[in-house]
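The values are calculated or read from the model by the stated rules, or taken from the named source; none is laboratory data. These figures come from a predicted structure and were not determined experimentally. Don't worry about glycine lacking a Cβ; one is built from the backbone with ideal geometry, like all the others, and counts go over all protein chains shown. These accessible areas exclude ligands, DNA and RNA; they are computed on the full protein's heavy atoms, side chains included. Shrake-Rupley method; radii C 1.70, N 1.55, O 1.52, S 1.80 Å.
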Amino acid sequence: MNGAGRGPRTALVLGGGGMFGAYEAGVWQVLEGVFQPDLIAGASIGALNGWAIAGGCPAGEWAEHWLDFPTGALPRLRVPRRPLDGIFDRAAFERVIRGVHSRFSPRVPITVAITDLSRMRPFAVDAPDIEWIHLAASCALFGFFPQYRIGGRLVTDGGLLASVPLWAAAARGATRIVAVNILPGGGPWWLRGARSLLHAVAPPLPALPAGVEVVWIEHARALGPARDAVVWSGRSAARLLELGRADALAAVPMVRRLTQTF
């Protein structure tokens, strides 16, 4: 692990993908006993999972959170008054985010990726400056959830330009990264197409510095239909948790080699 003054070196990076985030909770059920990250970076639902992990929530307890969403916490469809409001109820969405934010206080460094919508540039906010609105903004998939303004900037989903924010971890000194991708292949065709269009007009993302090592944990194919990414069900959550555990177990030897102390 870190020596004094060396800064973070080994990072856990969690990507976005809506309700597929249960997969990341399953991954952490295995990895919790394998290594402890010096830094956590998350985008979209990965930011919310990362906040709980950084706050020391036991992996089993967080998995139960995914299996037992309170009925009142589930976002409800509504007709938005404005395009930036999204089709899901703001109050229910924010209740979930505020609840998770207030429940945990980071014990390890965490950074949350957000996208500046007007400039099409990603940026990241570090604890202790992360407030509930930063987690909400990172999770705010355009068109589905409300968009926010932070510091005068219109912001949106932290995974819009890169679903797994490796750049944020590398910028904070990580040289060894365990990355969890819940959108293998870049996600459904419409998301890949939208991201290609955005990359055509957006500045390029920062390249990973030479020498940064990455172990990827992801499923061999799509985790489920697009509907399962936006609509929670206990059956889907249980299936995703199991897939996450299985893929993490297969990756344990690689993770051990990557994260061994040197």
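Looking at the chain only, what percent of DSSP beta bridges run antiparallel? Nearest 5 please.
Percent antiparallel among DSSP bridges in the chain is about 40.
So if each residue of separation counts as 0.36 nm, and I subtract the Cα-Cα distance between ALA92 and ARG149, what length gain in nm does that give?
Roughly 18.6 nm would be gained on extension.
How long are the semi-axes of the equivalent ellipsoid of the chain, defined as square roots of 5 times the Cα gyration tensor eigenvalues? Whole Å, largest first.
After diagonalising the Cα gyration tensor, the semi-axes are 26, 21, 18 Å.
At R0 = 35 Å, how high is the FRET efficiency between ARG256 and ALA210 if r is their beta carbon distance? Nearest 0.05 is fine.
0.90
Sort 130-137, 15-22 by the packing proxy (mean of other Cβ within 10 Å over each peptide's residues), most packed first.
Answer by packing, highest mean first, reads 15-22, 130-137.
Which far-off residues, 5 or more places away or on another chain, put their amide H under 5 Å from the one on ILE110, with H placed in the peptide plane?
ILE40, ALA127
Per residue of the stretch 217-232, what does 6.51 cos²θ - 1.76 cosθ + 1.60 with θ = phi - 60° give for ³J(HN,Hα)? Whole Hz please, x for Gly and Pro, Karplus curve as stated.
For the stretch 217-232, the Karplus-derived couplings read 10, 7, 7, 5, 9, 3, 6, x, x, 4, 4, 5, 7, 10, 10, 6 Hz, x marking Gly and Pro.
Ranked highest first by average number of other Cβ atoms within 10 Å, how do 156-168, 206-218 line up?
Answer by packing, highest mean first, reads 156-168, 206-218.
May I ask for the Kirkwood hydrodynamic radius of the stretch 10-54, worked out over all distinct Cα pairs and given in angstroms to one decimal?
After inverting the pairwise mean of 1/r, the radius is 10.3 Å.
Could you order peptides 172-184, 247-259, 113-125 by the average number of other Cβ atoms within 10 Å of their residues, highest first?
Taking the mean over residues of other Cβ atoms within 10 Å, the ranking is 172-184, 113-125, 247-259.
What does the accessible area per residue of the chain come to in Å², with a 1.4 Å probe and no ligands, DNA or RNA counted?
Spelled out: the 1.4 Å probe surface of the chain, per residue, equals 45 Å².
Does a label point 7 Å from the Cα of LEU197, set along Cα-to-beta-carbon, have any residues of the stretch 135-162 with amide nitrogen under 16 Å, and which are they?
142-144, 160-161
Looking at the stretch 117-217, send over the antiparallel percent of its DSSP beta bridges, to the nearest 5.
40
What base-10 log of the normalised intensity I(q)/I(0) is obtained for the stretch 148-262 from the Debye formula, alpha carbons as equal point scatterers, at q = 0.16 Å⁻¹?
For the stretch 148-262 at q = 0.16 Å⁻¹, log10 I(q)/I(0) is -0.99.
Hey, rough spin-label estimate for PHE142 and VAL231, points 7 angstrom out along Cα→Cβ, what's it come to in nanometres?
2.5
Once R0 is set to 25 Å, what does the formula 1/(1 + (r/R0)^6) return for the Cβ-Cβ distance between ARG81 and ASP126, expressed as a FRET efficiency to the nearest 0.05?
Plugging the Cβ-Cβ distance into 1/(1 + (r/R0)^6) gives 0.15.
Rounded to a whole number, what % of the accessible area of the stretch 136-262 do carbon and sulfur atoms account for, probe 1.4 Å?
62
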